[in-house]
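The values are calculated or read from the model by the stated rules, or taken from the named source; none is laboratory data. A quick note: this is a predicted structure, and the numbers were derived from the prediction, not measured. Cβ placement follows ideal geometry from the backbone for every residue including glycine, while neighbour counts extend to all protein chains displayed.
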Amino acid sequence: MMTSQEIDGTLQDIRRQCRLAMNGIASSSMRQHGLEYKLNFGVPVQKIKDISTKYIPDAGLAERLWAENTRELKILATLLFPIGMFTRDIADRWLADIKNQEIREQICRNLYCDLPYASALVGEWGNSDLTNYRTTAYWLLASLLIADASFLFNFKELKNLITDASDTDMSLRNAALLALKRLGRSNKDIASYILQMTENLKESGNPLEREVYDSLSFEFEFYR
């Protein structure tokens with residue numbers, strides 16, 4: 001475990017690394033697409049991962065990185081927190097601090113996916129009344145299935161999954177739809193069940209609902 005002084009020195013070095021890799025054009029483009037941070041160096045994700053390999057994972061360092069409203073530091077936090085020390089309480093606390101889709105994707109892929117209790121998080125967060133929690137749960141489920149198509153999860157426990165796929169909140173809608181697609185890809189019986197449960201949307205007067213059925217039926221036909 002790093003001392004406070006060691007963390008301060010490492011943070012200073014990490015900031016220097018980020019400045020050296022800064023891409024102002026990419027940073028500006030991200031802002032235009034709604035990815036707001038207090039500070040954004042525009043460093044490509046792969047370069048951020050390369051930077052992370054220079055440092056030994058440390059919980060105290062990761063907590064300090066996560067506390068910064070800086071894009072690159074938040075992503076590095078998801079790469080440098082030791083999995084064995086990332087408790088359920090920390091998972092909940094960090095979830096509440098997810099402010100945009102990029103960080104949601106990064107934390108799901110780099111950290112939440114590897115937790116031994118990832119499935120429990122999907123179940124708990126996926127049935128939350130909070131949109132941010134459900135969005136993250138669906139992204140986590142999709143990420144688990146992308147990493148391992150044989151991953152088993154009783155998605156019928158997610159009471160809002162199908163209806164959220166046509167929600168007006170774009171992040172929630174996209175996350176739910178992606179989770180349904182990945183579930184259907186993993187098993188043809190699941191795909192058939194999902195289509196059966198969404199068939200009533202085919203002739204809906206709501207274009208978002210029609211899009212759900214059309215997108216799922218096309219997806220499952222393509223991967224059949």
Margin query: Going residue by residue through the stretch 9-25, is there one that turns out to be at pLDDT below 95 and closer than 28 Å to Ile146 by Cα?
Written below: no
Notebook entry, point to check: Is there a residue being more than 26 Å from Phe86 (Cα to Cα), over 16 Å from the mean Cα position of the chain (by Cα) and of a type in the set (Ser, Thr, Tyr) anywhere in the stretch 143-150?
Noted result: no
Check: Any idea which of Pro57, Pro116 is more than 23 Å from Met2 (Cβ to Cβ), over 16 Å from the mean Cα position of the chain (by Cα) and either at pLDDT 95 or above or surrounded by fewer than 22 Cβ atoms within 10 Å (Cβ to Cβ) (or both)?
Finding: Pro116
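Quick one: count up the residues across the stretch 26-51 that are among the basic types (Lys, Arg) and modelled with pLDDT under 75.
1
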Margin query: Based on this model, can you work out whether Glu219 counts as touching a residue at least 24 places away in the same chain (Cβ under 8 Å) and either assigned by TED's automatic domain parsing to the domain that holds Pro116 or touching a helix residue (DSSP H, G or I) at 6+ places or on another chain (Cβ under 8 Å) (or both)?
Written below: yes
Checklist line | Criterion (closer than 20 Å to Gln106 by Cα, among the hydrophobic types (A, V, I, L, M, F, W, C) and modelled with pLDDT under 95) met by exactly one of Ala149, Ala176, Ala137, Ala142 | finding: Ala149
Item checked: So Lys181, is it of a type in the set (Lys, Arg) and crowded, with 20+ Cβ neighbours inside 10 Å -> yes
Checklist line | helices (runs of 4 or more DSSP H) lying entirely in the stretch 138-224 (those with 3 or more residues that are under 24 Å from Glu102 (Cα atoms) and not charged (D, E, K, R)) | finding: 161-164, 170-186, 207-222
